1. Taking Lys124 as the anchor, which lysines have their alpha carbon closer than 27 Å to its alpha carbon, excluding any fewer than eight residues away along the same chain?
2. Under the definition of Cα pairs under 8 Å and six or more residues apart, what whole-number percent is the relative contact order of the chain?
3. With +1 on each Lys and Arg Cβ and -1 on each Asp and Glu Cβ, how big is the dipole of the chain about its Cα centre, in debye rounded to the nearest 20?
4. Ignoring ligands, DNA and RNA, what accessible area per residue does segment 28-160 give at 1.4 Å, in Å²?
5. Could you check how much of the accessible area of the chain is carbon and sulfur, as a whole percent, using a 1.4 Å probe?
6. Report the calculated FRET efficiency for His130 and Arg205 (r = Cβ-Cβ distance, R0 = 45 Å), to the nearest 0.05.
7. What is the sum of charges around Asp164, taking Lys and Arg as +1, Asp and Glu as -1, for the other residues whose C-beta is under 13 Å from the C-beta of Asp164?
8. Name the residues whose placed amide hydrogens come within less than 5 Å of the amide hydrogen of Leu188, ignoring near sequence neighbours (fewer than 5 apart) on the same chain.
Amino acid sequence: MAIALVTGASRGIGRATALQLAVEGYTVAVNYHHNIKAATDVIAQITDAGGKAFAVRADISDETQVLAMFDSIDREGEPLAALVNNAGILCEQSTIENLSAERINRVLATNVTGYFLCCREAVKRMSFKHHGKGGAIVNVSSAASRLGAPGEYVDYAASKGAVDSLTTGLALEVAAYGIRVNGVRPGLIYTDIHASGGEPGRVDRVKSALPMQRGGQPEEVAQAIVWLLSEKASYVTGSFIELAGGK
Ligand code: NAD
């Protein structure tokens, strides 16, 4: 057995990914920030179906908490084979004139620094250089990294641009050490992330502009993540899967 860590696994895309990884036979480390009840529900769903999972609390933007989270994963006694950097935040819609430095830093702290910290700790455990057994990382980016989210979330889009660049560079850095690093770029996916701050009707407006005329489900993103982590993708690194309904 091997461990897969999914950050932000108590709801949305992270939750769907945790459930599918458990079916694939991973012991799932369910990272959560505040909502222990939601994390416990995910674990109960996994164990009821015969899988294995445990909860790990951490604010991924806080280095001390990330280090403690990886220490507690080490204590489980199974190798860490997979990391899904998924936990992310989207603030309310805003034009550039109203973006505060506090907000920009908050978005970058979770969406960029948090991904870096988790990648760093995962690499230390997976890399052949450090006598690890190898592994795979998937970074959840966004179609916004390509599209820019003008007038709405340019801070969020820029943070996801950094995730893309991290993915590309890290894939090259660790390819010789048994670690594959890939990304997914979801478009409009029906999760609670849209509950905060979008103007009324925004989701419908975005949906109707999509070639496929619909948003995606978290499970559709999870399937791509699980594939990228699997042996079926053994020759894939530094790649991105677009999950954006054709946009
Ligand atoms: P969500 O809001 O439902 O889930 C995000 C999870 O991350 C939550 O459980 C939240 O508690 C957790 N989280 C946030 N900050 C954290 C922190 N500092 N430390 C630990 N956990 C933290 O959103 P989602 O739609 O499932 O988003 C998952 C990922 O997918 C995010 O990175 C998001 O940017 C990306 N994404 C989502 C969409 C979409 O339309 N839903 C589109 C593109 C990309």
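The values are calculated or read from the model by the stated rules, or taken from the named source; none is laboratory data. Not measured: the values here are computed from a predicted model. Cβ atoms come from the backbone with ideal geometry, glycine included; neighbour counts cover every protein chain shown. We work out accessible area using only protein heavy atoms, side chains counted, and drop any ligands, DNA or RNA first. Shrake-Rupley method; radii C 1.70, N 1.55, O 1.52, S 1.80 Å.
1. Qualifying lysines at Cα under 27 Å: Lys52, Lys133, Lys160, Lys232.
2. Numbers: 493 pairs, mean separation 47.5, N = 247.
Normalised by residue count, the contact order of the chain is 19 percent.
3. Details: 23 positive and 25 negative charges, 82 e Å.
Computed about the Cα centre, the dipole is about 400 debye.
4. Details: 6020 Å² over 133 residues.
For segment 28-160, the solvent-accessible area averages 45 Å² per residue.
5. Carbon and sulfur: 55 percent of the exposed surface of the chain.
6. Working: r = 48 Å, r/R0 = 1.07.
About 0.40, to the nearest 0.05.
7. Working: positive: Arg146, Lys160, Arg185; negative: Glu242.
Net of charged neighbours comes to +2.
8. Sorted by chain and number, the residues that satisfy this are Gly216.
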